[in-house]
Amino acid sequence: MKKLSVLTMAAVFAVLFVMPYFLGVSTGQTKSVTLNYANFPPAPTFPCVQMERWKKQVEKKTNGRIKINTFPGGTLLGAKGMMDGVIAGQADIGCLCMAYQPGRFTVTNAVSLPLGIPDSETGSLVLLDLYKKYKPVSFNKVKVLTMFTSAPASIMCKKPVRTLADIKGVDLRASGGAAAILRIWGANQIGMPMSATPEALQKGVVQGLFSSLEVMKDLKFAEDCKFVTMTNTVVYPFAVVMNLNTWKSLPENTKKIMDNLAEDQAEWTGNYMDSHVKDAIAWSKKVHGVEFIKLDKKSTAKWNAVLSPIVEKWIVKADKKGFKGKEIVSSIKTMIAEHSK
Ligand code: 3IO
């Protein structure tokens, strides 16, 4: 009697759990879900490096229940269509630079005001905090997985820019808040995503760009831009977003794993960026003989002094759109002080 019931139980167990396994039928617990993750720049750049890191973390922490297919280089969605592509479900996940649609992401783009964010780690944590504090409506149609920023931007150029007089009329590429800064310095600012910049530089459409310096190595800009002016002025903000239906379809424990990863991922990306900028500077000097032009204290003060109207103007504009411009700026200042300790 006892023997039989053990056998019966073993048979029932086999039918329920073991046989489906051999037949390739998944039970609820072992079912694996594959998600597509789109990114706009080429694979060696930092938005894609952080994408691969996030993929690895999620696959490991979910024991393979979630698989991520990554699409760098705009192969699934491009720079400007990223947000709408994810909303429409053309990709489950997308990494976007908010500077490419400055009117769309008013609150979070405020981290691109000249407020003195010292590095990417600080910028990334400030941006994520800002998002959590204000939960801007511009992200209502997606799930935000993380946010981060570039390192502060400097000028990479085919000719030397040593003074404010040198920059007048030079064709330089930048987007969003960084673009406003170039214009006030007197450059001929040209807007385009980073992914379009290598071709523009090669064709001579632009003489240089204003962004973080790791691209000197990752996109080989050191081959064309033999001069860098170390302005360290403004960061570019990024968001990683997920299609809402995809998010709702995920198991609770997976959602928890992804939520718990948000801040860790922001910090990791900031750290990676900050150390990679140092690598890229050393590499550009050694391999391509790039000259890095440092501005002394007096010049730095001069370059920064002309920027103050930008913040004032942004506050007026944000208020008109119904945001609390002044409060947002002072929140950012407080968050910078907290995170750069
Ligand atoms: C950036 C964008 C794509 C790949 C590498 C990058 N490094 C800094 C940025 C910031 C940015 O979006 C831009 O357009 O300068």
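The values are calculated or read from the model by the stated rules, or taken from the named source; none is laboratory data. Not measured: the values here are computed from a predicted model. For neighbour counting, all protein chains shown are included, and Cβ atoms are generated from backbone atoms with ideal geometry for every residue, glycine included. These accessible areas exclude ligands, DNA and RNA; they are computed on the full protein's heavy atoms, side chains included. Shrake-Rupley method; radii C 1.70, N 1.55, O 1.52, S 1.80 Å.
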_Solvent-accessible surface ranking, highest first, for 129, 259 at 1.4 angstrom_ = 259, 129
_Spelling out what I want: for every residue of the range 136-145, take phi, set θ = phi - 60°, compute 6.51 cos²θ - 1.76 cosθ + 1.60 (Karplus), and round to whole Hz; glycine and proline get x._
x, 4, 4, 10, 4, 8, 9, 9, 7, 8
_Of all accessible heavy-atom area on the range 85-124, the percent that carbon and sulfur account for (1.4 Å)_ = 44 percent
*Provide the solvent-accessible area of residue 168, counting protein heavy atoms only and rolling a 1.4 Å probe, rounded to the nearest 10 Å².*
120 Å²
*Round to the nearest 10 and report in Å² the accessible area of residue 249, as given by a 1.4 Å probe over the protein chains' heavy atoms.*
90 Å²
*Can you find, among 213, 144, 128, the residue farthest towards the positive end of the dipole of the range 93-213? Put +1 on the C-beta of Lys and Arg, -1 on that of Asp and Glu.*
144
_Antiparallel bridges, percent of DSSP beta bridges restricted to the chain (to nearest 5)_ = 55 percent
*asked:* Counting heavy atoms of the protein chains only and a 1.4 Å probe, report the per residue accessible area for the chain as a whole number of Å².
replied: 47 Å²
*Assuming 1.002 mPa s and 20 °C, estimate D for the chain with Stokes-Einstein, Rh taken as the Kirkwood radius over Cα pairs, in µm²/s.*
99 µm²/s
*Mind putting a number on the dipole of the chain about its Cα centre? Charges go on the C-beta only, +1 for Lys and Arg and -1 for Asp and Glu, and I need it in Debye to the nearest 20.*
400 debye
*Once the other residues with Cβ under 11 Å from the Cβ of residue 187 are scored (Lys, Arg +1; Asp, Glu -1), what is the net sum?*
+1
*asked:* Going by Cα centres, the range 166-214 and the range 273-293 are how many Å apart?
replied: 19 Å
_What is the angle, in °, between the Cα long axis of helix 120-134 and the longest principal axis of the Cα atoms in the chain? Nearest 10 is fine, range 0 to 90._
70 degrees
*Pairs 133/326; 60/132; 285/341; 217/285: which exceed 20 Å Cα-Cα?*
60/132; 285/341
*asked:* As a test question: what accessible area, to the nearest 10 Å², does residue 46 have when a 1.4 Å probe is rolled over all protein chains in place?
replied: 10 Å²
*asked:* Just to confirm the number: angle between the C-alpha axis of helix 2-13 and the first principal axis of the chain, 0 to 90 degrees, nearest 10?
replied: 40 degrees
*Cα centroids of the range 226-241 and the range 40-54: how far apart, whole angstrom?*
16 Å
*the chain: relative contact order as a whole-number percent, Cα under 8 Å and 6+ apart*: 22 percent
_Normalised alpha carbon radius of gyration of the range 176-269 [divisor 2.2 N^0.38 Å]_ = 1.48
*Using a 10 angstrom cutoff on alpha carbons, build the Gaussian network for the chain and name the most mobile of 199, 267, 291.*
199
*Take every Cα pair under 8 Å in the range 135-263 that's 6+ residues apart, average their separations, divide by the length, and report that relative contact order as a whole percent.*
42 percent
*Heavy-atom accessible area order for 316, 111, largest first, 1.4 Å probe*: 316, 111
*asked:* Starting from a Cα-only point model with no solvent, please compute log10 I(q)/I(0) by Debye for the range 233-278 at q = 0.15, 0.32 1/Å.
replied: -0.54, -1.20
_Treating only the Cα positions of the range 212-335 as identical point scatterers, give the base-10 log of I(q)/I(0) from the Debye formula at each q in 0.10, 0.11, 0.12 Å⁻¹._
-0.57, -0.67, -0.78
